[in-house]
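Heads up: the structure comes next, in C-alpha cells.
The values are calculated or read from the model by the stated rules, or taken from the named source; none is laboratory data. Remember, predicted model here, so these are calculated numbers, not experimental data. No Cβ is skipped: glycine too gets one built from the backbone with ideal geometry, and neighbour counts run over all protein chains shown. For the accessible areas, the whole protein counts, side chains as well, though only heavy atoms, and no ligand, DNA or RNA atoms are used. Shrake-Rupley method; radii C 1.70, N 1.55, O 1.52, S 1.80 Å.
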Amino acid sequence: MITLIAETLTGVFTPPFRRKEFLQQLHFVGNKSLFIVVFCVCFAAIVTILESSFHMKMVIQNDSMVPGFAAVLILRELGAIVTALLLSSRVGAGYASEVGSMQITEQVDALKMLGIDPVNYLVVPRFLACILGAMMITVVANMACIFSAMAVSQFYLGYTPGMFLTSMQRFVDFKDLIFAMIKGACFGGVIPLVACYFGFRCQQGAEGVGRATTNTVVVSSIAIIVIDFILSYTFSYLY
C-alpha cells in the first residue's frame with residue numbers, strides 16, 4: 001500500500017497525463033453518483049432536524065436553536081461523511097471489481113508488456129477524478145442538505161427560510177464549507193487507492209473478485225471514519 005501511494009503521488013506529476021481517462025472517471029464519480037448521494041443526504045438532513053427538535057424540546061422545551069445546530073452538523077460532518085461512505089460503496093466497489101477483473105485476465109500484465117505503467121494508466125486518473133469529484137459532490141450535498149433542512153424546518157417546525165438563515169449565520173462560518181471540501185478531497189483520495197490495491201492483489205475466479213470488492217468497501221469505510229476523526233480534531237484548533 002505504501003508503495004502504491006508513493007507511485008500514485010509520483011505519477012500525478014509524471015507524464016503522460018491521461019486527460020481522456022481522467023474525464024471518463026470524473027463523469028463516473030461525479031455525474032453518475034450525484035443523484036443517489038443527494039437523495040440520501042437529504043433524508044439524512046431531514047432526520048437530523050426531526051431528531052434534534054424532538055430531543056431539544058424534551059430537554060429545554062425549546063427548539064429555536066435547531067436550525068443553527070443542524071446547519072453546523074451538516075456542514076462539518078454529515079454532508080462530507082455520508083457522501084464519502086456512499087462513494088466508497090459505489091465507486092470503490094466498481095474500481096475494485098474493474099481492476100481485479102483486469103488482474104485475473106492478465107490485462108495488467110499486458111499493459112506492462114506494452115511498456116505502460118499500470119499505476120499511471122489505472123490508478124492516477126482515478127485518484128485525481130475521485131479527489132475532484134468528491135470535493136464537488138460534497139459541496140452540492142451540503143447545499144442540498146441545507147435546503148432540505150430549511151424545507152422541513154418550515155413545514156414541521158414553523159421556521160421561515162429567513163429565520164432559518166438568521167439562526168444558521170450565528171453558528172456557521174464560510175470556513176466550515178472549506179473544511180468540508182478538504183474532508184471530501186481526503187476521503188476521495190482514499191477510495192481509489194484502497195480499491196486499486198485490492199484490485200491488483202485480486203485472486204483468480206469470481207470469489208477473488210468478490211473478496212476484493214468486499215475488502216475495498218470495508219477498509220475504505222474504516223479509513224474514511226478514522227481520517228474524519230483526525231481532520232475534525234485538527235480543524236477544532238482552527239475555529
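The sole residue among Val72, Val41, Val47 that is assigned to a helix (DSSP H, G or I), under 24 Å from the mean Cα position of the chain (by Cα) and crowded, with 18+ Cβ neighbours inside 10 Å is Val41.
Filter segment 207-239 down to the residues that are open to solvent by less than 40 Å² (accessible area, probe 1.4 Å), of a type in the set (Phe, Trp, Tyr) and either without any contact (Cβ under 8 Å) to a residue 24 or more places away in the chain or not in a helix (DSSP H, G or I) (or both) and list them by number. Selection gives nothing. For segment 137-156, the tally of residues that are among the aliphatic types (A, V, I, L, M), open to solvent by 30 Å² or more (accessible area, probe 1.4 Å) and more than 20 Å from Gly30 (Cα to Cα) stands at 1. Look at segment 1-28: where a residue is under 20 Å from Gly199 (Cβ atoms) and a partner is hydroxyl-bearing (Ser, Thr, Tyr) and in a helix (DSSP H, G or I), sitting 6+ places away or on another chain with Cβ atoms under 6 Å, you get Met1/Tyr197; Leu4/Tyr197.
For segment 158-190, a tally of residues being touching a Ser or Thr at 6+ places or on another chain (Cβ under 6 Å) and farther than 30 Å from Gly92 by Cα returns 2. Evaluate the following for Ala149: is it closer than 20 Å to Ile137 by Cα, in a helix (DSSP H, G or I) and without any contact (Cβ under 8 Å) to a residue 60 or more places away in the chain? No, not satisfied.
Per-residue answers, yes or no, for (1) over 23 Å from the mean Cα position of the chain (by Cα); (2) open to solvent by less than 60 Å² (accessible area, probe 1.4 Å):
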residue: Ala96; (1), (2): no, yes
residue: Leu111; (1), (2): yes, yes
residue: Pro118; (1), (2): yes, yes
residue: Tyr121; (1), (2): no, no
residue: Arg126; (1), (2): no, yes
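If you go through segment 152-181 and keep only what is assigned to a helix (DSSP H, G or I), more than 14 Å from Val72 (Cα to Cα) and over 18 Å from the mean Cα position of the chain (by Cα), you end up with Val152, Ser153, Gln154, Phe155, Tyr156, Leu157, Pro161, Gly162, Met163. The one condition from (1) at pLDDT 90 or above; (2) in contact with a Leu (Cβ under 9 Å, 6 or more places away or on another chain); (3) more than 13 Å from Val37 (Cβ to Cβ); (4) not hydroxyl-bearing (Ser, Thr, Tyr) that Leu111 does not meet is (1). Condition check for Gly189 on (1) open to solvent by 50 Å² or more (accessible area, probe 1.4 Å); (2) in contact (Cβ under 8 Å) with a residue 24 or more places away in the chain; (3) closer than 18 Å to Asn31 by Cα; (4) not β-branched (Val, Ile, Thr): one failure, at (1).
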